[in-house]
Structures are given as C-alpha cells and as structure tokens.
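Engineer: Sharing a structure below in structure tokens format, with a few things to ask.
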There are 2 protein chains.
Amino acid sequence: MKRDLDRLMAERGIDAAVVMGGVRDNPTMYYLTNGAKLSHATVIKRRGEAPVLFHASMERDEAAKSGLTTRDLGDYNFRKFIEEAQGDRLQATVLLYTRLFEELGVQGRVAFYGRREQGASYAFLRALDAALPQIEVIGEFDNDIFAVARATKDAEEVARIREVGRRVSQIMADVVRFLRRHPTANGTLIREDGSPLTVGDVKQFVRARLFENRLEDPEEMIFAIGRDAGVPHSHGEDDAPLRLGQTIVFDLFPQEAGGGYFFDMTRTFCLGYAPPEVERAYRDVLDCFNEVVAALRPGAATRRYQVMACELFEARGHPTVKSDPTTKEGYVHSLGHGLGLEIHGRPIFADVPGNEDTLQPGVVFTVEPGLYYPEQGFGIRIEDTFWLDEDGRFHNLTDFPKDLVIPVAGA
Amino acid sequence: MKRDLDRLMAERGIDAAVVMGGVRDNPTMYYLTNGAKLSHATVIKRRGEAPVLFHASMERDEAAKSGLTTRDLGDYNFRKFIEEAQGDRLQATVLLYTRLFEELGVQGRVAFYGRREQGASYAFLRALDAALPQIEVIGEFDNDIFAVARATKDAEEVARIREVGRRVSQIMADVVRFLRRHPTANGTLIREDGSPLTVGDVKQFVRARLFENRLEDPEEMIFAIGRDAGVPHSHGEDDAPLRLGQTIVFDLFPQEAGGGYFFDMTRTFCLGYAPPEVERAYRDVLDCFNEVVAALRPGAATRRYQVMACELFEARGHPTVKSDPTTKEGYVHSLGHGLGLEIHGRPIFADVPGNEDTLQPGVVFTVEPGLYYPEQGFGIRIEDTFWLDEDGRFHNLTDFPKDLVIPVAGA
C-alpha cells in the first residue's frame, strides 16, 4: 500500500524516487497521480515527504485532479535548457532534472521508475549519473518498491476491483445466456440465418457488454475453442464455429475504462456435452483449484501452491512444468499472479529460486490451474480472483459457478 | 518506412537492434510484429537481416501471426538460467540474452528499444554491457531509428490511417447532429426532461460511436467548453452544461481497436452564436491554418511553420511561445506533430535548436494552430491530419467543414 513506500525506501536505502512518463499503461504513474489524465509528467518523492508532480503547462487542470502538490514544467522554460545545450535534448533534459533536483533538495541514492523507451532511459540515466556527483542513479530490476507497495491494496482499491469483478461475473453470465439462446445444427451453434455462430460473434457481444459496463479490454480477452483452447494464450480465431463438445477457454480480464484496475477470471465450457477425457481433465483441474484454495494461508510462500498444483496434477498422471520445464502438454504455466493496475503483478507464484513472494494482507491475486492438450484438441483453465483482508480472511471476488457443460437446445 | 531500417542502422553504426516488451502501448513492438497479440516478447534484428521474434511458449499461436521468423522462449528453459544465477533474475536475464546473442551471432554496437520500466532497463542494460565484452550497449535518446522509420508511412499504413480518419470525420458529423437535435432553454442545450445536457452526455455519445466504429480512445478525447477550452489539454468537466455562445474545443484522436493507427482532428464550435471576440480569434486561427497549409512544401523544415504561425499570430496582436516561451495566453503550443502508431510522433514542429525534422515523402502529421484565453473564458483550436505522398503532393485526410457556429433550435 502507499503507506509502505517510505518504509520500503528506507529498507532499500533509496533517498528519492523519480517516476516518469504518461499515466496510460504506466501503473506506477497512475498509482501516484490517482489516474489524472497526464500524457507525460514526472513525480518526485523524497523519502519521508509527499510526492511533487511536475506537469506540462497545457495539462495543469488535469494535474490538479491528482490531489498532489503540483509544479508547472512550463515555468521552467525547457527551451532555455535546449539553447544552453545547443540543441542536444539529452543534455537539456539533464539540465532540467539538475534544476528540479536542486529545487527539491534531491540527493543520494535516487531510483527511477515508469515505463519509457528503454534505450532512451539508459542514455538519460547514464548521463544524469555522470553529470551529478551528488546523486547515484538506482535502477531496481525486479520487484521494485512500487510493485511491492501496489501488491497490497487498501480498502478503496479493493472496492474498485470488487466492482469490476461484479461486472465481469455478470458479463460471463450474459455470455452463457447468449450462447444458450442460439439453436444448433450439424453439431454447431447457428445464427438466425442458419450459418454457424463464430468466436468472432461472441467476442463482439462481449465487447458491447464491456463497453456498456465502462470496462476496457486492452490485453484482449481469450475465447478459444478446441485445439486453440489447448494453447494457453491463444486468443481464439474469429471465424471458428462454436462446435458442441469442444472445450472453450473463456478468459476475461478487462480494466476500468480510463486505465484503472483489472479483474481476471476464466471459465471453461463445453456446449451440449463434454467428452469423457475432457470431463476427467476438468475434474482434475477443479479438484486442484479447490484443494489449493482450501490450503491458502496468510503469510504463506506462493511457491508452495505451485508445487502443490504440480504434485496434484502429477498424481493424476499429467505432465507439469515441474517434471519438464519445457512441456507444452499438461500443466504448463504457473498457478496465479497478483493483479491491480496491471494484469500481471506481484505476487508471482512461480516455483523458482529467488521467488520469496508471500500472501500478505491486502494482496489480490488469481488462482488458475489448467490442463492443456492441444494435440488432443482441448484445453481447460479455471480462474478466480481472491483478496486477503487485514484480518487474514480470503475472499473470492468472483461470483460465477464452475459448470463445464452449457446445455443447449437440440443437443 | 520499414525498408529504411537497414540504412538507418548503417548510418548510426548500429549492428543489431533489440526490441523488448509487449505489443500494447509499445509502438515499435507493434510495428515489427504487425500487431500480433503478444504480452511480452523480444525481437532481434541484425543489420541486413530479417528480424527474429522470441516469444513466450503460451503465445506461440499469436506469435505466428506476426509473419516473422519465430523462436519459442520456452525452449530456452529460463528456469535453468535462474538456477544457474541462484535466483538472481537480473543475472538470469543476462544469461538468457547471452545465449540469444550467441545463437544469432549478435555482436558490436547493439541498440535497445521498446517501452519498459526505466529503472529495470537501466539495471539490465548496464549488467549486459558489463557482462558481454563483444557487445556495446547503445541507447538512442531521441529520434531513434524506429521513430524515424515509423515517421514515413507506406501505402498500407496510409490506407489504415485514412480509414480511421474517415470514421473520425463521420463521428464528428454525428456529434454535430446530436447537439443540434437538442432544444435549448435558459441559454443551454437541454435533455428531454428539461435538465441541461452536459459534456459527459456528449462524451458518452461519442464513446458509443467510437465503439461501433471499432475505435479505441486510449488518451481520451477532449471536449472542453468555455474557460476549460482555454487550457489546451483540459479534457473537459463531465458535469459542465452546454451553454450557448461558449467555445467548445473538441479534439478527437482515437486509434484502431487493438492498439493500431491513430487519427487526430480538432474542431471548435459555438452553439447558437459566437461572441465578437471569439469570432475574431477564430478567424485568426483559421487564417493561420490556411496560410500554413498553403505554404507546405516537401522537404521543408517543420520549424519554419511554427515560426510562421507565431509571426502570423503576433501580427494580429496575440502573445505566442515565440515572444514569451512561458505564456499561458495566446498561441501556447507547437503547430503539429507526426502520428501513426502513437499519437505524438515524428516529425515535431517545435522551433528549438536541434529540431532538424523535415516534411519527407510518406509523412503523416497534424496542423493545429490555436489561441487560448482562459481568463476570458475561451479557447480555439483547428486541426486536420495530412499526408505527403511520394510524388510530393499533400493530402488532407480530414473531411469535415470548419464552421464555428452550430445553429441550434430556439437560439
């Protein structure tokens, strides 16, 4: 949570944090500016002090909505720095930041954040480090202070995620109704004109429902059938017909319109009926899901749940990433992930050395075991989003049944 | 254009280009992978050779749609590198890239691109540079090879931008019709129930039209009235009523759904009537727009058009960024910008030392003079998007009249 930032900075010996870039697709900037519509900006936070937002002059109204102390970059006259640097924008930018740092008294170990072009960042941060002896530029590679702070959510964040979850669960129900109201012919759902209903038709229906619910789908939903469902991140082919008896992996992970909080859930469906091998694998995934959820404990290392999932699947005869890290069949990914202002955040659940993530109060995360057999033409995944409250209770924020078969007319 | 990449690499002594990150909000990755739905990937292009796409195993279907040569990162078993690095993900990542570079024979000056967390990039690129004596890590700060290549569009890109422009122009017309079909009372447009129509109502109408036209609005439209119109990037207040006689700046800049090409246009409207000072300023902006457009020449330096705009406005008595770089009244921004896979690209039009951008064949750019008087409660901007073809002809891709006053019933 935001209140952890000063502690994290102290633990890591960071004297100041500098966050750069626009608010769009830049979770740390969104986090600090509360989603103000800024196309580019800089936030500087000295340890123990409130952050200061430097914004473009033209964006002063939007900057004011952040609730932060603001300063208008226009007043610094970047043109003057460009002239001083004889047209060298890199040097001019170093001059500007020298000025900003002087003004705020920034020195010591200064860490930089925000999504930007990586080559430009490398050039800028090297030049800044060389130019300013009073600062040491710090780049956190992994699990940076903002990723850690953002991993645990305060009450307002949880309320927002829960509300997105409510809408997403409802849309999932709408989709099931949409599928059920189509008749069947020759083993597929059909449209009114008798032609096959397709994955593209369903996605268009979902997009409309997302729009009506003020949700965006920047990473684009997965609605994949048959063999495509067997490749976890295959998004599905628009022209694929909806055949009965094939698995459909429907993974829906939109965010609040305007670039806010995400939700994430997956269901696997078979229209009309499920073949025996799919039923068996589905039961294995559902059992795994239930056993993992029953075993969730505050403070536990996330890795142990990945190990647990692998062991459960192996006991049922499925290959896993534990028995073969490069397997493309069986259980091929990790068990879940944190989410919030980005779809994949901390904690991670990978069972790898160095992963010390644990289930801390405030964490919001998915549990999503799956089994994939593309050569056999099917894949299965079940995913809900959970929140661990301050009192150590886990809450499932997903409100949707886990039935494999969707009954359809005429099947 | 893409065909320029090898030449640009040669001119800048770049032996290999490495592009990292997801395809979303990462224009260079989108550009190279043709919009394949990749959540994270790496493209490596040696000079004179075709790019190679390294993708997550789970995304192999989506990677195949890029049309590039692909390699499955899953086959490299990152876990093994993590174990070798004893859980240090930074070192493990260096080991992975060492392997990829060896495999492709990458050496010499290697430049890195793609939007990523800047601190992580700094840490990674420093570690890589230190670990691999056979390569020198290059970070281009500004106007990198991909920004230059992307600035000029090939026929397919122009067709896509033109199509987005067609839809955007149509939506602008729909909005004018939407406004006109509302009655007026007490100097504002009103809803059926007699309450004032608001900026939020109009935006909701526009969002629906964008959705129906398969467009996204990631940077969020500007529809700002009165004093808000006087602050160029004020997005407008949802609860503001639509008063007659006030300027409305309507700046619409969506992109193809799924994160493709942008279009950008702005109109300024007054409902019912325009006050004389607004009419005068509007004429000044329109005259400036027309004179600049008439003066466009292939190969010309973009800076000269910014100077021209400033001089035209100053001759009419307006303050400008030329007379006062920190002015918040009058003409306060630059004249235009390139656009394509990002809303603000090359060329830039700023009249600053170091800006050597010129109007090259294939360039797509906006011309958008404006005048802003927030204290007087108004702002004006007029913006069209242009394309310069290979034969040296400029094409206006915007199809919408430039009338200030929208007649409304009862006004």
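Engineer: For a quick check of your reading of the model, give me the residue pairs whose first member lies in region A:2-15 and is within 12 Å of A:R109 (Cα to Cα), whose second is surrounded by fewer than 14 Cβ atoms within 10 Å (Cβ to Cβ) and modelled with pLDDT of 95 or more, with beta-carbon atoms closer than 9 Å and at least 6 apart or on different chains.
Structural biologist: Partner pairs satisfying both residue conditions: A:M9/A:G48; A:A10/A:G48.
Engineer: Report yes if some residue within region B:279-295 is of a type in the set (K, R) and farther than 25 Å from B:M221 by Cβ; otherwise report no.
Structural biologist: Yes, the conditions are met somewhere in region B:279-295.
Engineer: Among what's in region A:225-247 and is closer than 17 Å to A:P369 by Cβ and either of a type in the set (A, V, I, L, M, F, W, C) or within 21 Å of the chain's Cα centre (by Cα) (or both), pick the residue that is surrounded by the fewest Cβ atoms within 10 Å (Cβ to Cβ).
Structural biologist: Selected residue: A:H233.
One line per residue, one yes/no per condition, for (1) at pLDDT below 95; (2) buried (at least 19 other Cβ atoms within 10 Å of the Cβ); (3) among the hydrophobic types (A, V, I, L, M, F, W, C):
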{"position": "A:E311", "(1), (2), (3)": "no, no, no"}
{"position": "A:K328", "(1), (2), (3)": "yes, yes, no"}
{"position": "A:F349", "(1), (2), (3)": "no, yes, yes"}
{"position": "A:Y373", "(1), (2), (3)": "no, yes, no"}
{"position": "A:F378", "(1), (2), (3)": "no, yes, yes"}
{"position": "A:R393", "(1), (2), (3)": "no, no, no"}
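Engineer: With the condition kept exactly as written, say whether any residue in region B:242-257 is at pLDDT below 95 and either in contact with a Gly (Cβ under 6 Å, 6 or more places away or on another chain) or closer than 19 Å to A:A257 by Cβ (or both).
Structural biologist: Taking every residue of region B:242-257 in turn, at least one turns out to be at pLDDT below 95 and either in contact with a Gly (Cβ under 6 Å, 6 or more places away or on another chain) or closer than 19 Å to A:A257 by Cβ (or both).
Engineer: Continuing with this model, one more query. Would you check which residues across region B:313-352 are small (G, A, S), more than 13 Å from every other protein chain (Cβ to nearest Cβ), over 23 Å from B:M265 (Cβ atoms) and not in a helix (DSSP H, G or I) and list them?
Structural biologist: B:G317
Engineer: While we're looking at this one, here's another question. Where residues in region B:382-391 are out of contact with any Ser or Thr (no Cβ under 6 Å at 6 or more places or on another chain) and not in a loop (DSSP other than H, G, I, E, B), which of them is surrounded by the most Cβ atoms within 10 Å (Cβ to Cβ)?
Structural biologist: B:L388
Engineer: From B:D75, B:D4, B:D25, grab the single residue that is surrounded by fewer than 19 Cβ atoms within 10 Å (Cβ to Cβ) and modelled with pLDDT under 95.
Structural biologist: The conditions single out B:D75.
Engineer: Further, regarding this structure: Within region B:218-235, how many residues turn out to be in a loop (DSSP other than H, G, I, E, B) and more than 9 Å from chain A (Cβ to nearest Cβ)?
Structural biologist: Matching residues across region B:218-235 total 1.
Engineer: Could you list all residues from region B:249-300 that are aliphatic (A, V, I, L, M), under 30 Å from A:H235 (Cβ atoms) and surrounded by fewer than 16 Cβ atoms within 10 Å (Cβ to Cβ)?
Structural biologist: B:A257
Engineer: Another question, if that's okay. State all residues of region B:104-119 that are part of a helix (DSSP H, G or I) and either touching a Ser or Thr at 6+ places or on another chain (Cβ under 8 Å) or facing chain A (nearest Cβ under 7 Å) (or both); if no residue qualifies, say none.
Structural biologist: B:Q118, B:G119
Engineer: Within region A:183-205, can one find any residue that is among the hydroxyl-bearing types (S, T, Y), under 25 Å from the mean Cα position of the chain (by Cα) and surrounded by 20 or more Cβ atoms within 10 Å (Cβ to Cβ)?
Structural biologist: Looking for residues that are among the hydroxyl-bearing types (S, T, Y), under 25 Å from the mean Cα position of the chain (by Cα) and surrounded by 20 or more Cβ atoms within 10 Å (Cβ to Cβ), one finds none in region A:183-205, hence no.
Engineer: Could you tell me which numbered condition A:V137 fails, if it satisfies all but one of (1) free of Cβ contacts under 8 Å to residues at least 40 places away in the same chain; (2) out of contact with any Lys or Arg (no Cβ under 6 Å at 6 or more places or on another chain); (3) assigned to a helix (DSSP H, G or I)?
Structural biologist: Tallying (1) free of Cβ contacts under 8 Å to residues at least 40 places away in the same chain; (2) out of contact with any Lys or Arg (no Cβ under 6 Å at 6 or more places or on another chain); (3) assigned to a helix (DSSP H, G or I), A:V137 fails exactly one: (3).
Engineer: Now for a separate question. Filter region A:57-72 down to the residues that are surrounded by 19 or more Cβ atoms within 10 Å (Cβ to Cβ) and among the small types (G, A, S) and list them by number.
Structural biologist: Listed by number, the residues that qualify are A:S57, A:A63, A:S66.
Engineer: Moving on to the next point. In the set A:L38, A:L32, which member is surrounded by 22 or more Cβ atoms within 10 Å (Cβ to Cβ), more than 19 Å from A:D4 (Cα to Cα) and not hydroxyl-bearing (S, T, Y)?
Structural biologist: A:L38
Engineer: Return the residue satisfying two criteria in turn: it lies in region B:330-347 and is out of contact with any Pro (no Cβ under 9 Å at 6 or more places or on another chain) and closer than 18 Å to B:V292 by Cβ, and of such residues it is surrounded by the fewest Cβ atoms within 10 Å (Cβ to Cβ).
Structural biologist: B:S334
Engineer: Can you pull out the residues in region B:260-312 that are polar (S, T, N, Q), in a helix (DSSP H, G or I) and over 16 Å from B:K402 (Cβ atoms)?
Structural biologist: Within region B:260-312, B:Q306 is the sole residue that qualifies.
Engineer: When both residues are 6+ apart or on different chains and their Cβ atoms are under 6 Å apart, which pairs have a first residue that lies in region A:186-203 and is under 19 Å from A:F250 (Cα atoms), and a second that is basic (K, R)?
Structural biologist: A:T188/A:R243; A:L197/A:R191
Engineer: Here are some residues: A:A50, A:A64, A:A120, A:A131. Which one is on the phi < 0 side of the Ramachandran plot, in contact with a Gly (Cβ under 9 Å, 6 or more places away or on another chain) and modelled with pLDDT of 95 or more?
Structural biologist: A:A120
Engineer: Assess whether B:E256 counts as being of a type in the set (D, E) and farther than 18 Å from B:V405 by Cα.
Structural biologist: yes
Engineer: Follow-up. Considering only residues that are out of contact with any Ser or Thr (no Cβ under 6 Å at 6 or more places or on another chain) and on the phi > 0 side of the Ramachandran plot, which ones fall in region A:73-103?
Structural biologist: A:Q86, A:G87
Engineer: Considering each residue of region A:18-31, count those that are in a loop (DSSP other than H, G, I, E, B) and closer than 18 Å to A:G345 by Cα, and give that number.
Structural biologist: Of the residues in region A:18-31, 4 are in a loop (DSSP other than H, G, I, E, B) and closer than 18 Å to A:G345 by Cα.
Engineer: Could you list all residues from region A:382-402 that are in contact with a strand residue (DSSP E or B) (Cβ under 8 Å, 6 or more places away or on another chain) and free of Cβ contacts under 8 Å to residues at least 12 places away in the same chain?
Structural biologist: Passing the criteria: only A:H395.
Engineer: Let me ask something else about it. If you take the residues in region B:120-164 that are facing chain A (nearest Cβ under 9 Å) and of a type in the set (S, T, N, Q), which one is surrounded by the most Cβ atoms within 10 Å (Cβ to Cβ)?
Structural biologist: Selected residue: B:S121.
Engineer: Right, another one. Take the residues in region B:208-224 that are at pLDDT 95 or above and within 19 Å of B:T268 (Cα to Cα); name whichever of them is farthest from the chain's Cα centre (by Cα).
Structural biologist: Result: B:A224.
Engineer: Return yes or no: is A:G379 assigned to a strand (DSSP E or B) and touching a residue at least 24 places away in the same chain (Cβ under 8 Å)?
Structural biologist: When the stated conditions are applied, A:G379 passes them.
The values are calculated or read from the model by the stated rules, or taken from the named source; none is laboratory data. Just so you know, these numbers come straight off a predicted model, no measurement behind them. Backbone-built Cβ (ideal geometry, glycine too); neighbour counts: all protein chains shown.
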